[in-house]
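Beneath this line is the structure, given in structure tokens, with notes to follow.
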Amino acid sequence: MRWKGREQSDNIEDRRGMTPGRMVAGGGIGTLLLVLAVSWLTGTNPLDVLSQLDDQSTFQTGPYVPTAEERELESFVRVTLKSTEIIWTGQFQKAGRTYTLPTLVLFKDRVQTGAGTASAAMGPFYLDSDQKVYIDLGFYSVLRDKLGAKGDFAQAYVIAHEVGHHVQNLLGTLSRIHALQQTADETTRNHLSVRLELQADFYAGVWAHYEQQQFQSLDENDIRSAMDACAAIGDDALQRKFQGSVVPDSFTHGTAEQRTRWFLKGWKTGDINQGDTFTINYRDL
């Protein structure tokens, strides 16, 4: 992805020197991978998983000095976020709507959110309650080294997917589906979650479509990189990797094939109206 020298977003909160005093025991990349696996495989709220791992350890707060690699990643994140702001503002304007910009929060290890304290162990996430995307840049090492999704556009896809949840929030999709999940059985809740995640993958593809159209920044290898990321975090791929077997009823994000296919549909069409994952028979997703 050709991104250097491009406009960067200022809509970022850098909290890397403001981590809460309690931390997850044995924190860091290993714990991040563990909780990613547990939450993705079971559909459990990662905050519930984290509460079981939490101990009384404390850790000092203070000025955070990023490494050169982190400074580079921050610049990349800012460029990617700016691109989503430009593209989704335009798409909403075409539909006669107003796009409210989400804030992206950079943190290290743990962060206070609108829904309580969260950890890097849960990976990047979006909260509709405060309209913020949260990311510890250490996740990108997991994505590359542990899950095998390499390339900067794999990293861009992660941000675009979380921004896709923000799009769902603004369109009322998140609140509607969350309400349905409140009274549904576990299997139905999981199915609804899969539909939400696949639509967010589709929206990430739509963003990629217009990123290329407006900035001519992508090549074939970039799209392959995003596809690798989609496949790496498919429920079936994660279950095989971490538990050695696949349990479809426990899926909460969709298979590697589904996630890749919905991303590619958004990439190829650029048509937000073709991303309805909620009226299709579940088996045909």
Discussion item. I'm checking my understanding of the structure. Among residues of the stretch 173-192 that are among the aliphatic types (A, V, I, L, M), in a helix (DSSP H, G or I) and over 20 Å from the mean Cα position of the chain (by Cα), which one is farthest from residue 126 (Cα to Cα)?
Written reply: 180
Fill in: Qualifying position, being aliphatic (A, V, I, L, M) and touching a residue at least 60 places away in the same chain (Cβ under 8 Å), among 137, 180
137
Worksheet item: Restricting to the stretch 126-164, what's the tally of residues that are out of contact with any Pro (no Cβ under 9 Å at 6 or more places or on another chain), in a helix (DSSP H, G or I) and crowded, with 21+ Cβ neighbours inside 10 Å?
Response: 9
Worksheet item: What residue, among those in the stretch 232-250 that are closer than 25 Å to residue 207 by Cα and not in a helix (DSSP H, G or I), is modelled with the highest pLDDT?
Response: 234
Worksheet item: Do we find a residue being modelled with pLDDT under 95 and of a type in the set (Val, Ile, Thr) anywhere in the stretch 195-207?
Response: no
Worksheet item: Using beta carbons and a limit of 8 Å, which pairs, at least six apart or on different chains, have the first residue in the stretch 78-97 and touching a residue at least 24 places away in the same chain (Cβ under 8 Å) and outside any helix (DSSP H, G or I) and the second one of a type in the set (Val, Ile, Thr) and surrounded by 15 or more Cβ atoms within 10 Å (Cβ to Cβ)?
Response: 95/272
Item to complete: Name every residue in the stretch 102-138 that is of a type in the set (Asp, Glu) and within 14 Å of the chain's Cα centre (by Cα), in order of residue number.
Response: 128, 136
Discussion item. Name the single residue that is modelled with the lowest pLDDT among those in the stretch 251-263 being among the polar types (S, T, N, Q) and under 20 Å from residue 123 (Cα atoms).
Written reply: 252
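From 260, 277, grab the single residue that is part of a loop (DSSP other than H, G, I, E, B), buried (at least 18 other Cβ atoms within 10 Å of the Cβ) and either hydrophobic (A, V, I, L, M, F, W, C) or within 19 Å of the chain's Cα centre (by Cα) (or both).
Checking each option against the conditions leaves just 277.
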Worksheet, complete the sentence: Scanning the stretch 113-122 for residues that are in contact with a strand residue (DSSP E or B) (Cβ under 8 Å, 6 or more places away or on another chain) and touching a residue at least 24 places away in the same chain (Cβ under 8 Å) gives 115, 117, 118, 119, 120, 121
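The values are calculated or read from the model by the stated rules, or taken from the named source; none is laboratory data. Since the structure is predicted, the reported quantities are computational estimates derived from the model, not experimental observations. For neighbour counting, all protein chains shown are included, and Cβ atoms are generated from backbone atoms with ideal geometry for every residue, glycine included.
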